[in-house]
2 protein chains.
Amino acid sequence: MPAIWILRLSHRVGRDFRVTTHLGLVGRAFGAKGMYYSGDKDKEMEKSILRVNERWGGEFKVIYTRQPIKLVNGWREKGVLIHLTMYGLPIDDVISEIRGLNKDILVVVGGAKVPSIYYSLADYNIAITHQPHSEIAALAIFLDRFYKGEQLKFEFSDAKIRVVPCEKGKRLYKGP
Amino acid sequence: MPAIWILRLSHRVGRDFRVTTHLGLVGRAFGAKGMYYSGDKDKEMEKSILRVNERWGGEFKVIYTRQPIKLVNGWREKGVLIHLTMYGLPIDDVISEIRGLNKDILVVVGGAKVPSIYYSLADYNIAITHQPHSEIAALAIFLDRFYKGEQLKFEFSDAKIRVVPCEKGKRLYKGP
């Protein structure tokens, strides 16, 4: 199974704390291996994601990069570069093709204003609707389509805590 | 087609501005009629969502409520009350049943800490994975499943501006 990584551009301390944390947690829950981020280095944001690994399992990584363009160029040599943008092609038109490549994927997610070079460098600029909404929702739908919904059943074998699904209320199972 | 509304609980000015805005914009882009919210009244947040209607079309509503429990109780008499929570039942197990009811839906989305009464009042507590991630992603996947992916093709007939999908770069169409 190809590995999926996220690149979150232009993170800003404070202002982007929650959106970037949500991106990381969606990535983790929906089967990505980790998230690179550029912009401001933010230890608190990193911790808020990694803390979830400790209790809920998995090895999702959060890695700061000062040189996102270099990362992107390096990635293009071995894998597929995808940029999520409302200006791109509809996901339903390209997702089968992308899955068929059977290559590792880097999913680039903006930031406030994405420099135009990312549109050029991307192998695929992909739209999750052509409406303005949320990079978090766009990432969720991208991973959902890539994994054909199977990510909703992912389990983390090393979790210390698990949900016991129930109709009303909250139930947790603690233990191996 | 049944109408879907969102109820965002316990909005906090400042801290929740972007997350609540994203919830509204995902709701709008993915076919919901509007969003109620409780907690702090926040004109700026309302504007940031309604501004999108002006350019991109549609009549998505944002309505403040001081009495979310009363709203929920009123809703239960005419429609279905859904609460998105990682503690609930897997969405794949219940979505067909919910669609089959053919009733208007109120989707309740937490807030920091959701009072237990919402778990009791909900007709369905639904989990989008049993992992902690993002209410924005959860709402997106719920609407996606309800509309069977058709929401990715929604168009707003009164839009002043539209995206022309393209492989590289950004193209907009302005006009009727």
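Odds and ends about this structure:
- If you wrap the tightest convex hull around every Cα atom of the stretch B:86-146 and split its volume per residue, you get 85 Å³.
- Pair B:Arg66, A:Glu59: separation of 7 Å Cα→Cβ label points (nm): 5.5 nm
- DSSP finds beta bridges in chain B, and of those with both partners inside it, around 10 percent are antiparallel.
- Close amide H pairs (under 5 Å, H built 1.01 Å from N) link B:Thr85 with B:Ile126, B:Ala127, B:Ile128, residues at least 5 positions away or on another chain.
- Amide H contacts for A:Tyr37 (H built 1.01 Å from N in the peptide plane; partners 5 or more residues away or on another chain; cut-off under 5 Å): A:Arg8, A:Ile63, A:Tyr64, A:Thr65.
- Mean residue ellipticity (222 nm) of chain B, computed from DSSP H runs ≥ 4 via -39,500 (n - 2.57), nearest 500: -11500 deg cm²/dmol
- Taking A:Ala159, A:Ala140, A:Ala127 in turn, the Gaussian network model of chain A (Cα-Cα springs below 10 Å) assigns the largest fluctuation to A:Ala159.
- Our analysis of the protein assembly as shown gives Rg over Rh at 0.94, with the two radii drawn from alpha carbon positions and Rh computed by the Kirkwood formula.
- Rounded to the nearest whole Hz, the Karplus-based 3J(HN,Hα) values (6.51 cos²θ - 1.76 cosθ + 1.60, θ = phi - 60°) of the stretch A:52-68 follow the sequence 5, 3, 4, 8, 9, x, x, 10, 4, 9, 10, 10, 7, 10, 7, 10, x, with x at glycine and proline.
- Basic side chains Lys and Arg get +1 at the Cβ, acidic Asp and Glu get -1 at the Cβ, and with that the dipole of the stretch B:4-151 about its Cα centre reaches some 480 debye.
- Here the residues B:Ile117, B:Ile126, ranked from fewest to most Cβ neighbours within 10 Å of their Cβ, fall in the order B:Ile117, B:Ile126.
- Sorted by Cβ neighbour density within 10 Å, fewest at the top, the residues B:Tyr37, B:Tyr64: B:Tyr64, B:Tyr37
- Computed from backbone phi with θ = phi - 60° and the Karplus coefficients 6.51, -1.76 and 1.60, the 3J(HN,Hα) list for the stretch B:157-162 is 5, 9, 5, 8, 8, 9 Hz; x is used for glycine and proline.
- Dipole-positive endmost among B:Ile4, B:Thr21, B:Ile161 within chain B (Cβ charges, Cα centre): B:Ile161
- A simple charge model with +1 on the Cβ of Lys and Arg, -1 on the Cβ of Asp and Glu and nothing else charged puts the dipole of the protein assembly as shown at about 860 debye relative to its Cα centre.
- Compared with the dominant Cα axis of chain A, that is its longest principal axis, helix A:135-146 is turned about 80°.
- Share of alpha-carbon pairs per 5 Å distance bin for the stretch A:4-151, given as whole %: 2, 10, 21, 24, 22, 14, 6, 1
- Partner shielding of A:161-169 amounts to 6, given as the average count of beta-carbon atoms from other chains within 10 Å of each residue beta-carbon.
- DSSP bridge orientation in the protein assembly as shown - percent antiparallel, rounded to nearest 5: 10 percent
Readers should treat all values here as calculations from the given coordinates under stated rules, not as data from a laboratory. Owing to the predicted nature of the structure, the values given are computational and were not obtained by experimental measurement. Cβ: placed from backbone, ideal geometry, glycine included. Neighbour counts: every protein chain shown.
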